[in-house]
1. Could you give me the ³J(HN,Hα) list for region 122-130, computed from phi with Karplus coefficients 6.51, -1.76, 1.60 and θ = phi - 60°, whole Hz, x at Gly and Pro?
2. Return the long-range amide H neighbours of N83 (sequence gap of 5 or more, or a different chain), with a cut-off of under 5 Å between placed amide H atoms.
3. If you roll a 1.4 Å probe over region 65-125 with all protein chains in place, what percent of the accessible area is carbon or sulfur?
4. Solvent-accessible area of E59, probe 1.4 Å, all protein chains present, reported in Å² to the nearest ten, please.
5. With the crude spin-label approximation of a point 7 Å out along Cα→Cβ, what separation in nm comes out for I162 versus T89?
Amino acid sequence: MTIDSRSLVKVRIAAGAAAAALAFAAAPQASASAAAESVHGFTSTGMEFINSDNSVLAECGNQFSGRVTADDGGGEVKAAIDNIIVSCTDGTRVTPNALPWTLDLVEDRGYTIDGIDLNITTSKGTCRYTGTVNGVMEFPDGVYDLRGSLTRRTGTCGGSEILNVSALTEVINTGN
């Protein structure tokens with residue numbers, strides 16, 4: 001039996017492909033099981049603070065970050081949000097109190113942010129609100145909605161006792 005050069009080339013290609021496949025399968029893969037160290041988020045659409053009569057007290061955007069406090073490697077992440085910037089239109093200011101706030105995230109499913117405590121300052125004064133927001137996945141890879149309600153604790157700012165918070169999209173990512 002004679003083996004020609006074309007047959008040897010085919011054998012070498014097949015052997016090389018098999019070796020590459022084995023190396024790929026044996027190599028450590030980047031996955032959701034890699035522990036995240038930080039979390040980052042922002043609204044990509046307007047976040048509204050809505051009075052009980054459905055009038056808008058303020059329209060804002062947010063950016064936040066924090067450190068991951070627990071990561072099960074399967075997409076469940078807990079984080080301490082210790083930095084948040086809220087930028088509003090029409091001169092309204094929103095400033096956080098009592099950081100960190102707690103983020104409970106199930107990646108590509110939903111999230112809750114507990115411990116929200118903030119001041120809203122309008123031309124009518126300053127109010128302190130506390131509460132919780134949450135959201136469900138809108139699109140894979142960290143795109144959620146945002147909704148919740150905040151209760152006024154002190155002050156007069158033109159806001160109702162219960163203030164609803166809403167945004168079409170809140171992007172939340174974990175990383176190293």
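1. Listing the rounded values in order: 10, 5, 8, x, 10, 10, 9, 10, 9 Hz.
2. S65
3. Here it works out to 46 percent.
4. 80 Å²
5. So the two model labels end up 2.6 nm from each other.
The values are calculated or read from the model by the stated rules, or taken from the named source; none is laboratory data. Source: prediction; values computed, not measured. Ideal geometry is used to build each Cβ from the backbone, glycine not excepted, and the neighbour counts take in all protein chains shown. Surface areas here come from the heavy atoms of the whole protein model, side chains and all, with no ligands, DNA or RNA. Shrake-Rupley method; radii C 1.70, N 1.55, O 1.52, S 1.80 Å.
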